[in-house]
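Step one of this worksheet: look at the structure below.
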Amino acid sequence: MERKRVGFLKFCLFAAIFTIVARLFYIQIIQHDFYVAKASDEHVHENVIEAVRGKIYAMDGNEIVPIVLNETVYTVIFDPMIVNEEKSKEIFEKYAKDNLVAEWDDVFADKNRRYYVVAKGVKYEDAKKIVDELIEENVVGITFDKKTKRVYPEGQMASGLLGFVNEDGDGQYGVEGSFDKELSGIDGSLKAVRDVNGVVLSIGDENIETPAVDGEDVVLTIDRNIQTKVEKILNDYIEKTPATNASAIVMDPRTGEVLAMANVPTYDPAKYSEVEDARLFKNYVVDEPYEAASVCKTFTFTTAIDLGVMNANTTYYNEGSMMVDGLTFQNAYQGLRGTITMQQAFDYSLNTGSATALKLISGGEFNEVGRARLYDHLIKFGLGQATNIELYEEPGFIPKPNEYDWTMNFTYANMTFGQGMNLTMVQIASAVSGIINNGEYYQPTILAGKMQNGKFIKNEREKNTKQIVSVSTSEQMREMLWGTRSSKRNNGVDKPGYFIGGKTGTGQVVQADGSYSEASGEGEMIGSYIGFGGRDGELPEYFIMTKLWGKGQYLGGGEANQAFDDISNYLIDYLKIRPKV
Amino acid sequence: MGNNQTFTSRRGVNSETTSWARGRNFGKRKGTGRFSYYFVIAMLVLVVGLIYVAQGTKATGYDYQISEIEEQINELEIKKEDLAVEQARLTSLASASNNKVAVSMEDATPSGYAE
């Protein structure tokens with residue numbers, strides 16, 4: 001009997017041991033991968049190491065100054081079920097009153113809601129004080145989510161140029177959009193064993209760290225003093241004219257560097273979500289092709305001079321209008337009938353003058369050869385195509401010389417005074433800068449360089465120049481443009497000792513039905529002005545283009561000219577350009 | 001050791017159950033037993049294990065120190081960032097244009113140039 005009991009116990013013991021061994025075998029061998037993965041999930045955490053977005057700098061004379069930086073802020077999230085209502089209210093009212101984004105009654109109305117965003121944009125110092133006090137008061141259930149916010153110390157300055165960064169951290173519009181890849185950097189990751197407090201432990205062989213590559217710091221050619229002044233002047237003209245919008249570009253024709261690119265009205269990029277009209281985000285200088293009207297006569301006369309078929313003293317008979325392909329166009333100014341010089345036609349912005357220049361280019365009559373010659377020059381000037389400035393830009397449009405069967409001569413005659421082709425301000429600015437800079441065209445740029453470890457690395461550009469016209473043509477065009485500003489010199493607007501030239505443009509607007517707006521003083525018109533300045537006898541040191549417009553409003557080249565005057569006089573002082581005595 | 005030994009002659013033929021060979025020493029061998037042997041091995045394993053655990057704990061201690069230092073670095077970087085932002089704000093044109101002293105100043109113009 002006893003032997004049986006012992007035998008039974010032995011059996012039970014062996015059965016138990018076998019069960020345990022079998023279970024262990026099942027868990028440790030068969031289910032090995034499953035439990036390893038489960039354990040790994042418990043202890044090994046993978047986190048994204050966010051790359052720091054690059055800063056944006058501008059120039060202040062020769063000094064480099066930050067205009068877009070980063071700031072660490074916190075979004076505060078409550079778990080209303082466990083947060084102490086009274087104490088938390090008191091602490092947050094004390095340190096983050098301006099950052100609260102929710103009403104307290106709403107936060108604690110439904111305690112089953114475990115997630116409520118209570119405050120946004122809480123600065124580090126305030127967050128630290130709050131945390132210290134929460135710990136002291138033993139308040140739990142509050143999460144601080146770290147975020148990086150863009151900061152704009154210059155406020156709304158150059159908002160149309162800079163763009164903004166959205167909630168997802170993506171650059172939108174302007175520099176933020178076009179340089180998004182460089183500014184963003186590459187996020188890293190950290191896969192590591194952590195303890196209950198989240199501290200990374202070096203045990204285990206699963207720790208993998210891929211460091212983040214921070215975004216590059218970009219330095220723009222924009223001079224913040226010039227940018228601010230240009231925006232102020234444009235705002236003044238919006239106040240004193242019917243214009244609702246104004247844009248301007250200031251360039252150094254000797255390098256192609258953009259010193260200012262302004263669009264007003266501006267907006268606060270830090271509060272981009274509050275902007276109601278998305279058109280404020282547009283950078284009209286690069287992404288709004290338009291019919292720039294008479295400023296384009298500069299290109300027609302340049303082409304004719306460069307082809308050796310015309311000079312400023314060439315004469316023609318002005319009848320006040322001209323018929324081409326059975327269609328008639330007129331001069332805006334109906335005086336000066338009879339034989340006049342091309343300089344006079346340029347001074348009075350006569351459409352018949354620029355059309356006659358095309359006839360001369362064509363060999364006496366309007367024809368396809370002349371159209372092709374003009375077209376080739378316009379393309380050589382970089383018009384109707386992207387300039388490859390480091391921003392998103394619209395290419396615009398220039399009709400090809402043989403695009404349509406009939407009225408093509410009329411179309412090209414219109415193009416000589418800026419109708420029928422759409423160009424952006426940056427295309428016009430770059431082209432005219434090249435024409436007045438001894439024919440040497442520089443690809444426009446807003447990128448001065450990059451900051452690396454606190455040092456400025458200049459942007460070295462290759463093949464960024466081309467000869468678009470001869471030096472002689474350039475000299476003659478500078479003289480013609482100087483000639484058109486004689487009234488400004490006579491009225492004392494232009495200071496003596498400086499060589500300042502320019503040309504107005506008063507552009508009709510294509511209406512919804514395809515027709516042009518009224519050319520009288522009542523129709524909608526866009527006012528433009530192109531001009532340059534520098535020391536008398538030397539190559540121009542700056543180029544300026546201004547544009548004023550408003551829906552349904554008449555804005556002539558005259559208003560844009562006045563805006564140019566103000567900017568030009570400011571630049572002479574700011575750039576310390578010495579007059580020729 | 002029993003008496004049933006095999007004698008093996010030089011030619012390798014066994015004559016007895018007890019085996020004898022010329023030139024060999026006989027007697028009881030004294031040494032560690034099987035239990036002692038396993039005990040020593042176990043102790044060595046234990047010591048190695050303790051060293052491993054001690055080193056692991058020591059490494060974890062360093063991890064906490066590293067974590068604290070990293071936290072301090074992050075804090076200082078945020079403070080540095082905040083100071084850079086503050087400096088940029090204070091030296092910005094936007095700030096200067098709102099300054100009471102700056103507002104009351106007149107624009108400077110060059111009085112002339114020496115040739």
Once R0 is set to 35 Å, what does the formula 1/(1 + (r/R0)^6) return for the Cβ-Cβ distance between residue A:93 and residue B:100, expressed as a FRET efficiency to the nearest 0.05? 0.65
A:296, A:12 arranged by Cβ crowding within 10 Å, fewest neighbours leading: A:12, A:296
Ranked highest first by average number of other Cβ atoms within 10 Å, how do A:23-29, A:437-443, A:544-550 line up? A:544-550, A:437-443, A:23-29
With the cut-off at 1.5 for a/c, could you classify region A:68-114 from its C-alpha gyration tensor as rounded, prolate or oblate? prolate
If a/c stays under 1.5 just call it rounded; otherwise compare a/b with b/c (prolate if a/b is bigger, oblate if not). Do that for region A:80-140, with a ≥ b ≥ c from the square roots of the Cα gyration tensor eigenvalues. oblate
One finds the C-alpha centres of region A:1-71 and region A:522-544 to be spaced, in Å, by 69
For chain A, the longest principal axis of the Cα atoms and the Cα long axis of helix A:224-240 enclose an angle in degrees, to the nearest 10, of 60
Let me check I've understood the local charge: for residue A:393, count other residues with C-beta under 11 angstrom from its C-beta, Lys and Arg +1, Asp and Glu -1. What total comes out? -4
Summed residue charge, Cβ within 15 Å of residue A:108's Cβ, Lys/Arg positive, Asp/Glu negative: -4
How many partner chain Cβ atoms sit within 10 Å of a residue's Cβ in peptide B:75-86, on average, as a whole number? 4
Let me know the shape class of region A:176-315, please: from the alpha-carbon gyration tensor, a ≥ b ≥ c as square roots of the eigenvalues, rounded when a/c is under 1.5, otherwise prolate if a/b is greater than b/c, or oblate. prolate
Tell me, what is the percent relative contact order of region A:80-140, built from C-alpha pairs under 8 Å that lie six or more residues apart? 50
Report, as an integer, the average count of C-beta atoms from other chains found within 10 Å of each Cβ along A:62-75. 3
Taking the Cα centre of region B:34-97 as origin, sum charge times position over the Cβ atoms of Lys and Arg (+1) and Asp and Glu (-1), and report the length of that vector in debye to the nearest 20. 500
P(r) tail for chain A, what percent of Cα pairs lie past 38 Å? 47
What average count of beta carbons from other chains do you get within 10 Å of the Cβ of residues in A:566-573? 1
Add -39500 (n - 2.57) for each DSSP H run of 4 or more in chain A, then divide by its residues: what number comes out at 222 nm, to the nearest 500 deg cm²/dmol? -10000 deg cm²/dmol
Net charge of Cβ neighbours under 9 Å - reference residue A:446; Lys, Arg +1; Asp, Glu -1: -2
Which one, A:367, A:555, A:336, is farthest towards the positive end of the dipole of the protein assembly as shown when Lys and Arg carry +1 and Asp and Glu -1 on their Cβ? A:367
To the nearest 10 degrees, the tilt of helix A:471-484 (Cα long axis) against the first principal axis of the alpha carbons of chain A is 80
Taking a spot 7 Å from the Cα of residue A:167 along the direction of its beta carbon, which residues of region A:104-118 have an amide N less than 15 Å from it? A:116-118
Just name one of A:281, A:250, A:270: the one whose Cα is farthest towards the positive end of the charge dipole of region A:246-290 (beta-carbon charges, Lys/Arg +1, Asp/Glu -1). A:250
When the charge dipole of chain A is computed with +1 at the Cβ of Lys and Arg and -1 at the Cβ of Asp and Glu, the Cα pointing farthest to the positive end, of A:441, A:568, A:227, is that of A:441
Given an 8 Å cut-off on Cα distances and at least 6 residues of separation, report the relative contact order of chain A as a percent. 13
In whole percent, what relative contact order does region A:389-490 give with Cα contacts below 8 Å and a gap of six or more residues? 24
Which peptide among A:356-362, B:39-45 comes first, and what is the full order, when sorted by highest mean count of other Cβ atoms within 10 Å? A:356-362, B:39-45
Give me the one-decimal nm value for the distance between modelled label points at residue A:6 and residue B:50, 7 Å along each residue's Cα-to-Cβ direction. 4.0
Net lengthening on full extension, residue B:43/residue B:74 (0.36 nm per residue, minus Cα-Cα): 6.6 nm
About the Cα centre of region A:80-140, what is the dipole size in debye to 20, counting +1 per Lys and Arg Cβ and -1 per Asp and Glu Cβ, all else neutral? 260
Enter the angle in degrees (range 0 to 90, nearest 10) between the Cα long axis of helix A:85-95 and the first principal axis of the Cα atoms of chain A, meaning the one along which they spread out most. 40
Where the convex hull is taken over the Cα atoms of region B:34-97, what is its projected area averaged over directions, in nm²? 4.5
Taking the square root of 5 times each eigenvalue of the Cα gyration tensor, what semi-axes in Å does the equivalent ellipsoid of region A:388-500 have, largest first? 31, 26, 14
For region A:75-180, what size does the Cα cloud have along each of its three principal axes, sorted from largest down, in whole Å? 47, 27, 19
Based on the mean of other Cβ atoms within 10 Å per residue, sort peptides A:85-91, A:305-311 so the most packed one is first. A:305-311, A:85-91
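Bear in mind these aren't lab numbers, they're just calculated from the coordinates by the rules spelled out. Nothing here was measured: the structure is a model prediction, and the numbers come from that model. Counting neighbours? That spans all protein chains shown, and the Cβs are built from the backbone with ideal geometry, glycine included.
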